[in-house]
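The values are calculated or read from the model by the stated rules, or taken from the named source; none is laboratory data. Keep in mind it's a predicted model, so treat the numbers as computed, not measured. Cβ placement follows ideal geometry from the backbone for every residue including glycine, while neighbour counts extend to all protein chains displayed. Keep in mind that these areas ignore ligands, DNA and RNA; they rest on the heavy atoms of the full protein, side chains included. Shrake-Rupley method; radii C 1.70, N 1.55, O 1.52, S 1.80 Å.
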Amino acid sequence: MKTLSPTWLTDHTVDFEYKKYVLLDYLQHVETSYRLARLYPPLADLTAHYQAARSLKEKMDRFEQDLPKTLKGFDAEKQQLVYESLFTGDTPLADVENILDYSLPQFERYIREGRQLYEHIEKEMQFEPVGVLPLEQRFGYLFVRNGGKKVAVYEYTLRMFESAGSRYRGIHTAHLCDYVSSVSTTLPAIKNDLLVKHRDLPNPAVYAAETKGTYPLEETTLPIAQRLLVRYIEHTKAL
């Protein structure tokens, strides 16, 4: 998928019409990805751009408020002096502000559409543990059945991260193998087979995520399953 540079606002030239073209061209690719039900990386990319643009807009607003102002006149009706900011429409900073004012609603719209698609697929997805769960659930297997008979098996590891005094849970997955489900090859049977073949995980936690529809596995189904897994373990306070 086509990406938008982190420095797209200042690359090449600060011209409203040019930046509008760059942004709309990028968003057209996002829309195409959504039509194909490809949520990632577009949704995460959009969110990062939106947060960066909003942060810059807030900083510029504070900067404009702190700028010295010149006396323009007197408003007789309101009985007060009228001041004019030096932050006028003829400066490069004002051009950047115009671009931000246009881009922020665009980012919000496409983030909203992506989240709606995400929520639709998440509600459709069935997520449950396979068998009895051990006390230690920071590592194990994630089974993903993406609207068909193939069951993709991933090893997962949950880790804790700290940033600015807050703790976050992150998940790492690695594709291990695939099975084709059948009357005999059930999810519990797959779990038992893995226990025999991979004795380095003698008592793993095993979860299964399944969608009725078929979606892009790496771009959509797996990321949603990963988030459901983290949420499930957080809810059970296993970490």
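Per-structure values
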quantity: Which numbered condition residue 209 fails, given (1) outside any loop (DSSP other than H, G, I, E, B); (2) surrounded by fewer than 20 Cβ atoms within 10 Å (Cβ to Cβ); calculated: (2)
quantity: Residue selected from segment 212-239 under the condition of a type in the set (Val, Ile, Thr) and surrounded by 19 or more Cβ atoms within 10 Å (Cβ to Cβ), by the criterion farthest from residue 122 (Cα to Cα); calculated: 233
quantity: Residues that are modelled with pLDDT of 95 or more and under 17 Å from the mean Cα position of the chain (by Cα), drawn from segment 1-31; calculated: 26, 27, 29, 30, 31
quantity: Elements of type strands (runs of 3 or more DSSP E) contained in segment 98-204, each with 3 or more residues being of a type in the set (D, E, K, R) and either open to solvent by 60 Å² or more (accessible area, probe 1.4 Å) or at pLDDT below 95 (or both); calculated: 150-163, 166-180
quantity: Segment 38-60 residues that are over 16 Å from residue 216 (Cβ atoms), paired with ones that are polar (S, T, N, Q) (beta carbon under 7 Å, 6 or more apart); calculated: 53/103
quantity: Qualifying residue in segment 128-140 (condition: of a type in the set (A, V, I, L, M, F, W, C), touching a residue at least 40 places away in the same chain (Cβ under 8 Å), in contact with a helix residue (DSSP H, G or I) (Cβ under 8 Å, 6 or more places away or on another chain) and within 26 Å of residue 3 (Cβ to Cβ)); calculated: no
